[in-house]
Amino acid sequence: MPIPTHEIDAAVTACIYDRDERKAPDEHRRGKFLNGWEDATRRDKVYAADALERLTWKNLGYRLGQRFGALEAARIDSVFAYLAEAWQEPKVVE
């Protein structure tokens, strides 16, 4: 069963960071997202606070992995696909 989109939205909204450094989603970034998710759920890595000051596809995967737990790759891919569809270039504030 897929994660409901409103739960994904709530999890992303709850992320605390200083700047969004995500680039346009592509296959490479999908792999980073999956890698980050598995860092949280399968490899039990702990990301340093300074790494979480910026939002990247990898640490977004990590954060969502912490929130939703271990899932099969197809379900993680569906989360990435949803986020990729909604992605917009971050606005730079000067």
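A few notes on this one:
- Full-stretch length increase - ARG75, HIS28 - with 0.36 nm per residue and alpha-carbon distance subtracted: 15.2 nm
- Of the residues VAL79, VAL46, VAL12, the one that moves most in a GNM of the chain with alpha-carbon contacts below 10 Å is VAL46.
- Ligands, DNA and RNA are left out, and with a 1.4 angstrom probe the accessible area of the chain is 63 Å² per residue.
- Restricting the chymotrypsin sites (Phe, Trp or Tyr not before Pro) of segment 1-82 to loop positions (DSSP other than H, G, I, E, B) with no more than 16 neighbouring Cβ atoms within 10 Å leaves TYR17, TYR47.
- As a fraction of the 1.4 Å probe accessible area of the chain, surface on carbon and sulfur atoms comes out at 51 percent.
- As computed over the chain, the Cα convex hull volume per residue (Å³): 94
- For the chain, the number of Lys pairs separated by eight or more positions or lying on different chains, with C-alpha atoms closer than 19 Å, is 6.
The values are calculated or read from the model by the stated rules, or taken from the named source; none is laboratory data. A quick note: this is a predicted structure, and the numbers were derived from the prediction, not measured. Ideal geometry is used to build each Cβ from the backbone, glycine not excepted, and the neighbour counts take in all protein chains shown. Accessible surface is based on the protein model in full, side chains and every heavy atom, while ligands, DNA and RNA are left aside. Shrake-Rupley method; radii C 1.70, N 1.55, O 1.52, S 1.80 Å.
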